[in-house]
Number of protein chains: 2
Amino acid sequence: MEQSARTNQDLTRELEAMGNRLRIDSIVATSEAGSGHPSTCLSAADLVAAVFFYAMRYEVSNPKNPLNDRFVLSKGHAAPILYAAWAEGGAFPVERLKTLRKFDSDLEGHPTPRIPWVEVATGSLGQGLSCGVGMALNSGYLEKIDNRIYVLMGDGEMAEGSVWEAAALASYYKLNNLIGIVDVNGLGQSQPTMYGHDTGVYHRRFEAFGWRAISVDGHDMAQITAALDEALSVGDKPVAIIAATKKGKGVSFIEDKEGWHGKALKKGEEVDRALAELEPGAAVTGALKVKPVKERGAQAPPAGEPASSESAPVQYAMGQELATREVYGAALAKLGDTNPLVVALDGDTKNSTYSEKFMKAHPDRFFECFIAEQNMVGTAVGLAAMGKIPFASTFACFLTRAYDQIRMAAISQSNLKLCGSHAGVSIGEDGPSQMALEDLAMMRAVEGATVLYPSEAVSAEHAVRLAAAHAGIVYIRTSRPKTPVIYPVDEPFEIGKAKVVKRSDEDEITIVGGGVTLFEALSAYDVLKAEGISARVVDIFSLKPVDAETLRECGRETNNLILTVEDHSLCGGIGDAVAGAVSADGIRVHKLGVGEVPRSGEPAELLAAYGIDRKAIAERVRALLRQAGQTREPDDSARG
Amino acid sequence: MEQSARTNQDLTRELEAMGNRLRIDSIVATSEAGSGHPSTCLSAADLVAAVFFYAMRYEVSNPKNPLNDRFVLSKGHAAPILYAAWAEGGAFPVERLKTLRKFDSDLEGHPTPRIPWVEVATGSLGQGLSCGVGMALNSGYLEKIDNRIYVLMGDGEMAEGSVWEAAALASYYKLNNLIGIVDVNGLGQSQPTMYGHDTGVYHRRFEAFGWRAISVDGHDMAQITAALDEALSVGDKPVAIIAATKKGKGVSFIEDKEGWHGKALKKGEEVDRALAELEPGAAVTGALKVKPVKERGAQAPPAGEPASSESAPVQYAMGQELATREVYGAALAKLGDTNPLVVALDGDTKNSTYSEKFMKAHPDRFFECFIAEQNMVGTAVGLAAMGKIPFASTFACFLTRAYDQIRMAAISQSNLKLCGSHAGVSIGEDGPSQMALEDLAMMRAVEGATVLYPSEAVSAEHAVRLAAAHAGIVYIRTSRPKTPVIYPVDEPFEIGKAKVVKRSDEDEITIVGGGVTLFEALSAYDVLKAEGISARVVDIFSLKPVDAETLRECGRETNNLILTVEDHSLCGGIGDAVAGAVSADGIRVHKLGVGEVPRSGEPAELLAAYGIDRKAIAERVRALLRQAGQTREPDDSARG
């Protein structure tokens, strides 16, 4: 007993020493970089030391081991201490910490998965817990792995609502494998946080959100390890460890002082003074290691089943009328039959997005995320980080709610799939708050994202399959109205390829549409045909990458004249994508789209009112051809 | 006493009857429309009747009266009962309710300020409380008006984190004039809410977030009015009334039943049955009116001071190096000296966005909103709805967090001003999570928004003044690095106007830049000049509206050749804006921009790595001119 007590004291001393070692590493790295956030590393140092070298079980040489516990640094600006912990844990040489923030180093200013020990990028605050929820759902519900997900948060980021969205969902799903740690250092970037050193506020809030909260002195190693032990034994809910800390802890001239948020200590006197204060406490090094996963005696992970984007054949008849949103759900459900990695999430709109079809077919792989889009996307990113292929859906306009999470997903190199339904004014009477008119612009601007916009059932089903088979973020835009099938079931679809729907050698102009406007364009085609005007009609299908080659070819063959029509803002959607792609070739792109805040009404009324219906298209085509004729006439006469 | 008790009973009966009257109105209107959400109106009916005809003080004939209490329907899909309450309160004829959702009616599917009794659009859930916070700050802190702000929320939307951001800020600022009411009907759109009829969860959460919570039976009028009375007497914090209700209350075949979320009752038998159940209870009509504001005896509102966008003269010297973010703060502080309507908000980045300059000059008109961007923007929309000119700032990348609020602000016809700092890769070492590369695309797609991108101090100061003077949403993008002043202090700037910075008759190509890339373009200009290549250089300044006229003219005068360069994604920013504007004229637009997820590094390294620095520009210009020459050559020889 006495022996054991002494051993515990030794371990505590070693962990304390490791805390100071991490402090030193963080100061040295940021000073070398000449920028960064050392003070927030110092408040978190003892917590990080305890998680890494006491609680966490992780095969450092194999970050992909599914049995590993996971650690998410939600307060991403403390990146230096994360890198320090991995380095001290043997992931890479400690010396490499001095490459922090350099262009040729993967130790970036905020964590990104350029290093394999980081699964999700952080740095936009308040997102880590959502990713942790996704990881915990994966372990607890899908893979039945008995590991733990640790998420270290700052107190400043507790002001972000997304944290509370995640907290609510975590307790709803009883994620007892999720352990949140809040580093309450009381200081934000520009002033004290809302509650300063009052840890009780966070304690009460987590309890009210269905968590078990444990409050500790975040610089008392015995208290920290006891809390981490206790966290393992809470069986029915997630656990929040609320740690009272001091920013800059251990360095007297910055400890608990304002004005040191994003500031490195100056090399020379400042650093020397800091190290002189810290080094004595870092002397007891011991032989701390990250605990291996084997010791747990957990069951083996399930054998990885091969990912497949094959599913039962497409079976829609030409002319059959279906909404692409319905087809999304049906195709996803089918895909789930053959690909066990496909999972789905929705934000209480599953009966509108039709993701409920997947839920009914695969209830164990569907997660209702309720009306909390930020957390839905963050959770999906967490699931993707664990190897799943998550499809998250809601009204396209409500995906704007999660734009920061989507942006960060790109930095996370995430395999996230998004479906936004109810595109544009064609939804009708519900009015502008429910109409997505910005989603194409928003998603096109996400680095590396693929943006697909199917117009009918066959292309919609292919869009879902292509999304699953493609590595990276894919967005699928679906529509509310029914549209007729126009492609044979064996029509090949590719990311980056448009479809030429109407083509003749006499075409005088190319009309490019997508979704409902493709069918308006086809109606305009008929009207114009009857007047002796021949138009080429292109289904854009892939907004990003956009099919510059086909568009260029069509433009060249039709008087260098293209008219785009979209149920979307005139900025950043089909028109800009096409103009941006082919204007370098001197092709003239004219745009029709929604140029004002729309109102409620019947879909057809609204398409007409905002100038994107068959009539508006036909009129514009006539005007453009008249203009082109006039422009050509003087040239002709000049030549004559 | 007995008399009073009887009177109270009479009043209660009259309010109950009004609740049923509103139910009937909601059913009739939605049935007439053939769509809508009657069941959620029925759960809220008694609460709405009590707020409108018992608690609220409002001059119905003058919705602009600053002494009015305010009512925000956060659960916007209950729009029919909002319209019904205003109609029964005398705002407009009850008969007009039958125009619900029709194209020529202002009674839209979800509330918008097309009717003057609605100050902020709702329909994207979880945003109303933030707007209420803005209104309450206006009354409590700015105008010192003793009125009340009522916000009616649904239980489903309590899953949105933005609600908890607002809740936290409301108690932080001790907004005792803010009364939130949660209609806990237990049913969401696609299934029961997370907690069904358990009102205790919401009660505990609001208490934990620093509110006084009062739980009531939401169909017991005496309990409701007692809670509304009690709410007036809680002096030190906001009040949440948690009301247990039933969706579809009063109509037996839909009451508390799933599957009736977004479904109108069918005209004929369904409606008849419902009305037969409700009409007896709606018989005691009494003479209920909305209480006038006069009875309160509140002090007169402060005399409206004239808005002015004039401020002290711009005073920067040519060549002086300043970051546009610094100038933003300084210009805003100056503007505040002469325009008392200007207020500022920030999300704990005020020492980076430099909004702290405004805070120091005008502490009473600055609101720290902490790290909660959604609520910051929603609060600003609330302030704007009360006549203020709110400037909300944070890192531009974090404005993505509030995209849904910004989208809704457009529908609210809001006078919202946003400033996003730290544009693009030029921020350097902090890495991609802190780099805005999507903000221009995002903001351009907002209907009616103005997007300004000043490159140096003089244009930045003008951007702030133009924003304040312009009615509507304006976004200003600022940069981290210092840039030299290139415009004289009296240079005129306009929304929608670009600046031609270098021009000669020999120009062979036009280079369009903004922010740091304008200076890269100017450096490339010098290099090319030395090689005998003359380039025109344009400062885009206004992205939306974009200056198509100047761009067209420049393009035409320079071989129909434009090269755009931007520290932004290649999608939806400067390149697409320019191509979208001038490709119709056959001008060839080539684009340079950031085409992948960037990494940490020094600003100059990153500009080079992602191909948007002076060298990349000069190389591309040479290549384009070589190409153009080659293209021209065959033509020339053919002619020859």
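From (1) among the acidic types (Asp, Glu); (2) in contact (Cβ under 8 Å) with a residue 40 or more places away in the chain; (3) over 26 Å from B:Leu518 (Cβ atoms), pick out the condition that doesn't hold for B:Glu321.
(3)
This table checks each residue for (1) free of Cβ contacts under 8 Å to residues at least 60 places away in the same chain; (2) more than 17 Å from B:Thr478 (Cβ to Cβ).
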site: B:Ser352; (1), (2): no, no
site: B:Cys369; (1), (2): no, yes
site: B:Thr394; (1), (2): yes, no
site: B:Cys397; (1), (2): yes, no
site: B:Asp430; (1), (2): no, no
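Between a first residue in region A:281-293 that is in contact (Cβ under 8 Å) with a residue 60 or more places away in the chain and a second residue that is of a type in the set (Val, Ile, Thr), which pairs have beta carbons less than 9 Å apart while being 6 or more apart in sequence or on different chains?
Pairs that qualify, where the first residue is in contact (Cβ under 8 Å) with a residue 60 or more places away in the chain and the partner is of a type in the set (Val, Ile, Thr), are A:Ala282/A:Ile24; A:Lys289/A:Val60; A:Val290/A:Val60; A:Pro292/A:Val60.
Can you give me the number of residues within region A:377-393 that are under 17 Å from A:Ala449 (Cβ atoms) and touching a strand residue (DSSP E or B) at 6+ places or on another chain (Cβ under 7 Å)?
8
Which condition does A:Asn65 not pass, out of (1) of a type outside the set (Gly, Ala, Ser); (2) farther than 26 Å from A:Met221 by Cα; (3) free of Cβ contacts under 8 Å to residues at least 40 places away in the same chain, if it passes all the others?
(3)
Answer yes or no: is there a residue in region B:223-233 that is under 31 Å from the mean Cα position of the chain (by Cα), crowded, with 20+ Cβ neighbours inside 10 Å and either β-branched (Val, Ile, Thr) or under 30 Å from B:Ile371 (Cα atoms) (or both).
So in region B:223-233, the residues under 31 Å from the mean Cα position of the chain (by Cα) come out as B:228, B:231-232.
Filter once more, so that each one left must be crowded, with 20+ Cβ neighbours inside 10 Å: B:228, B:231.
After this cut, where a residue has to be either β-branched (Val, Ile, Thr) or under 30 Å from B:Ile371 (Cα atoms) (or both) as well, the list is B:231.
Within region B:223-233 (the criterion being under 31 Å from the mean Cα position of the chain (by Cα), crowded, with 20+ Cβ neighbours inside 10 Å and either β-branched (Val, Ile, Thr) or under 30 Å from B:Ile371 (Cα atoms) (or both)), the answer is yes, since at least one residue qualifies.
So, in region B:260-275, how many residues would count as being outside any loop (DSSP other than H, G, I, E, B) and either open to solvent by 70 Å² or more (accessible area, probe 1.4 Å) or touching a Pro at 6+ places or on another chain (Cβ under 7 Å) (or both)?
Step one: filter region B:260-275 for residues outside any loop (DSSP other than H, G, I, E, B), giving B:269-275.
Now drop any that are not either open to solvent by 70 Å² or more (accessible area, probe 1.4 Å) or touching a Pro at 6+ places or on another chain (Cβ under 7 Å) (or both), which leaves B:269, B:272-273.
Total meeting the criteria: 3.
When only residues in region B:240-259 that are assigned to a loop (DSSP other than H, G, I, E, B) and open to solvent by less than 40 Å² (accessible area, probe 1.4 Å) count, which is farthest from B:Arg212 (Cα to Cα)?
Residues of region B:240-259 that are assigned to a loop (DSSP other than H, G, I, E, B), as a first pass: B:245-259.
Checking which are open to solvent by less than 40 Å² (accessible area, probe 1.4 Å) leaves us with B:245, B:247-248, B:250-251, B:253-254.
Values: B:Thr245: 20, B:Lys247: 25, B:Gly248: 28, B:Gly250: 30, B:Val251: 33, B:Phe253: 36, B:Ile254: 33 Å.
Top of the filtered list is B:Phe253.
For region A:303-346: of the residues being at pLDDT 85 or above and hydroxyl-bearing (Ser, Thr, Tyr), which is surrounded by the fewest Cβ atoms within 10 Å (Cβ to Cβ)? Walk me through it before giving the result.
From region A:303-346, those at pLDDT 85 or above are A:315-346; that's our starting set.
Applying the additional criterion that residues be hydroxyl-bearing (Ser, Thr, Tyr) yields A:316, A:324, A:328, A:338.
Details: A:Tyr316: 20, A:Thr324: 31, A:Tyr328: 31, A:Thr338: 16.
Once the filter is applied, the top-ranked residue is A:Thr338.
Pull up region A:32-45, narrow it to residues that are surrounded by 24 or more Cβ atoms within 10 Å (Cβ to Cβ) and in a helix (DSSP H, G or I), then point me to the one that is farthest from the other protein chains (Cβ to nearest Cβ). Steps first, answer last, please.
Filtering region A:32-45 for residues surrounded by 24 or more Cβ atoms within 10 Å (Cβ to Cβ) gives A:36-45.
Next cut, in a helix (DSSP H, G or I) only: A:38-45.
Numbers: A:Pro38: 14, A:Ser39: 14, A:Thr40: 13, A:Cys41: 15, A:Leu42: 19, A:Ser43: 16, A:Ala44: 17, A:Ala45: 21 Å.
Among residues in region A:32-45 that are surrounded by 24 or more Cβ atoms within 10 Å (Cβ to Cβ) and in a helix (DSSP H, G or I), the one farthest from the other protein chains (Cβ to nearest Cβ) is A:Ala45.
Please determine, by comparing only the residues of region B:149-165 that are part of a helix (DSSP H, G or I) and within 8 Å of another protein chain (Cβ to nearest Cβ), which one is nearest to the chain's Cα centre (by Cα).
Within region B:149-165, the match that is nearest to the chain's Cα centre (by Cα) is B:Ser162.
Quick check on A:Gly89: is it surrounded by fewer than 23 Cβ atoms within 10 Å (Cβ to Cβ) and out of contact with any strand residue (DSSP E or B) (no Cβ under 6 Å at 6 or more places or on another chain)?
Details: surrounded by fewer than 23 Cβ atoms within 10 Å (Cβ to Cβ): yes; out of contact with any strand residue (DSSP E or B) (no Cβ under 6 Å at 6 or more places or on another chain): yes.
Yes: the conditions hold for A:Gly89.
Among residues belonging to region B:408-439 that are at the interface with chain A (Cβ under 8 Å from one of its Cβ atoms), assigned to a helix (DSSP H, G or I) and in contact with a Lys or Arg (Cβ under 9 Å, 6 or more places away or on another chain), point out the one that is nearest to A:Gly126 (Cα to Cα).
Ranking the qualifying residues of region B:408-439, first place goes to B:Ser433.
For B:Lys357, which of the numbered conditions (1) assigned to a helix (DSSP H, G or I); (2) more than 27 Å from B:Asp430 (Cα to Cα) fails to hold?
Condition (2) is where B:Lys357 drops out.
Working only within region B:396-416, note down all residues that are over 8 Å from the mean Cα position of the chain (by Cα) and open to solvent by 10 Å² or more (accessible area, probe 1.4 Å).
B:Phe398, B:Ile411, B:Gln413, B:Asn415
Just the residues that are in contact with a Ser or Thr (Cβ under 8 Å, 6 or more places away or on another chain), among the β-branched types (Val, Ile, Thr) and within 19 Å of A:Ile574 (Cβ to Cβ), please, taken from region A:447-489.
Passing the criteria: A:Thr450, A:Val451, A:Val474, A:Thr478, A:Thr483, A:Ile486.
Right, B:Arg21: on the phi > 0 side of the Ramachandran plot, of a type outside the set (Gly, Ala, Ser), surrounded by 22 or more Cβ atoms within 10 Å (Cβ to Cβ) and modelled with pLDDT of 95 or more or not? Let's see the steps before the verdict.
Values: on the phi > 0 side of the Ramachandran plot: no; of a type outside the set (Gly, Ala, Ser): yes; surrounded by 22 or more Cβ atoms within 10 Å (Cβ to Cβ): yes; modelled with pLDDT of 95 or more: yes.
No, not satisfied.
Checking A:Met386 against (1) at the interface with another protein chain (Cβ under 9 Å from one of its Cβ atoms); (2) out of contact with any Leu (no Cβ under 6 Å at 6 or more places or on another chain); (3) open to solvent by 10 Å² or more (accessible area, probe 1.4 Å): exactly one of these is not met. Which one?
Unmet for A:Met386, out of (1) at the interface with another protein chain (Cβ under 9 Å from one of its Cβ atoms); (2) out of contact with any Leu (no Cβ under 6 Å at 6 or more places or on another chain); (3) open to solvent by 10 Å² or more (accessible area, probe 1.4 Å): (1).
Do any residues in region B:245-263 that are farther than 16 Å from B:Gly196 by Cα and touching a residue at least 40 places away in the same chain (Cβ under 8 Å) have Cβ atoms under 8 Å from those of residues that are among the acidic types (Asp, Glu) and not in a loop (DSSP other than H, G, I, E, B), where the two are at least six apart or on different chains, and which pairs are they?
Once the first residue is farther than 16 Å from B:Gly196 by Cα and touching a residue at least 40 places away in the same chain (Cβ under 8 Å) and sits in region B:245-263, its partners that are among the acidic types (Asp, Glu) and not in a loop (DSSP other than H, G, I, E, B) give B:Gly250/B:Glu277; B:Val251/B:Glu277.
Within region B:61-74, can one find any residue that is over 26 Å from the mean Cα position of the chain (by Cα) and either at pLDDT below 95 or surrounded by 24 or more Cβ atoms within 10 Å (Cβ to Cβ) (or both)? Step through it out loud before you land on a result.
Filtering region B:61-74 for residues over 26 Å from the mean Cα position of the chain (by Cα) gives B:61.
Now narrow it down to the ones that are either at pLDDT below 95 or surrounded by 24 or more Cβ atoms within 10 Å (Cβ to Cβ) (or both): none.
Within region B:61-74 (the criterion being over 26 Å from the mean Cα position of the chain (by Cα) and either at pLDDT below 95 or surrounded by 24 or more Cβ atoms within 10 Å (Cβ to Cβ) (or both)), the answer is no, since none of the residues qualifies.
Let me confirm something: among A:Leu125, A:Leu129, which residue is among the aliphatic types (A, V, I, L, M), in contact (Cβ under 8 Å) with a residue 40 or more places away in the chain and either in a loop (DSSP other than H, G, I, E, B) or within 9 Å of chain B (Cβ to nearest Cβ) (or both)?
Working: A:Leu129 fails: either in a loop (DSSP other than H, G, I, E, B) or within 9 Å of chain B (Cβ to nearest Cβ) (or both).
Answer to the selection: A:Leu125.
Which condition number does B:Gly109 fail, the rest of (1) within 13 Å of another protein chain (Cβ to nearest Cβ); (2) in contact with a Lys or Arg (Cβ under 7 Å, 6 or more places away or on another chain); (3) open to solvent by 10 Å² or more (accessible area, probe 1.4 Å) being met?
(3)
Could you figure out which of (1) out of contact with any Asp or Glu (no Cβ under 8 Å at 6 or more places or on another chain); (2) more than 14 Å from chain B (Cβ to nearest Cβ) isn't true of A:Ala243?
Only one criterion in (1) out of contact with any Asp or Glu (no Cβ under 8 Å at 6 or more places or on another chain); (2) more than 14 Å from chain B (Cβ to nearest Cβ) is unmet by A:Ala243, namely (1).
Quick check, is A:Ala213 crowded, with 20+ Cβ neighbours inside 10 Å and more than 9 Å from chain B (Cβ to nearest Cβ)? Give the derivation first.
Values: crowded, with 20+ Cβ neighbours inside 10 Å: yes; more than 9 Å from chain B (Cβ to nearest Cβ): yes.
So A:Ala213 fits the description; yes.
For region A:358-376, which residues satisfy the criterion of being open to solvent by 10 Å² or more (accessible area, probe 1.4 Å) and either of a type in the set (Val, Ile, Thr) or more than 10 Å from chain B (Cβ to nearest Cβ) (or both)?
A:Lys360, A:Ala361, A:His362, A:Pro363, A:Asp364, A:Arg365, A:Phe366, A:Ile371 - these are the residues of region A:358-376 that are open to solvent by 10 Å² or more (accessible area, probe 1.4 Å) and either of a type in the set (Val, Ile, Thr) or more than 10 Å from chain B (Cβ to nearest Cβ) (or both).
Looking only at region A:174-208, count every residue that is open to solvent by 40 Å² or more (accessible area, probe 1.4 Å), part of a helix (DSSP H, G or I) and either touching a helix residue (DSSP H, G or I) at 6+ places or on another chain (Cβ under 6 Å) or of a type in the set (D, E, K, R) (or both) and tell me the total.
Counting residues in region A:174-208 that are open to solvent by 40 Å² or more (accessible area, probe 1.4 Å), part of a helix (DSSP H, G or I) and either touching a helix residue (DSSP H, G or I) at 6+ places or on another chain (Cβ under 6 Å) or of a type in the set (D, E, K, R) (or both) gives 2.
The values are calculated or read from the model by the stated rules, or taken from the named source; none is laboratory data. Worth saying up front: this structure is predicted, and the values here are computed from it rather than measured. Counting neighbours? That spans all protein chains shown, and the Cβs are built from the backbone with ideal geometry, glycine included. Ligands, DNA and RNA are stripped out before the accessible areas are found, and what is left, the full protein with its side chains, is counted by its heavy atoms. Shrake-Rupley method; radii C 1.70, N 1.55, O 1.52, S 1.80 Å.
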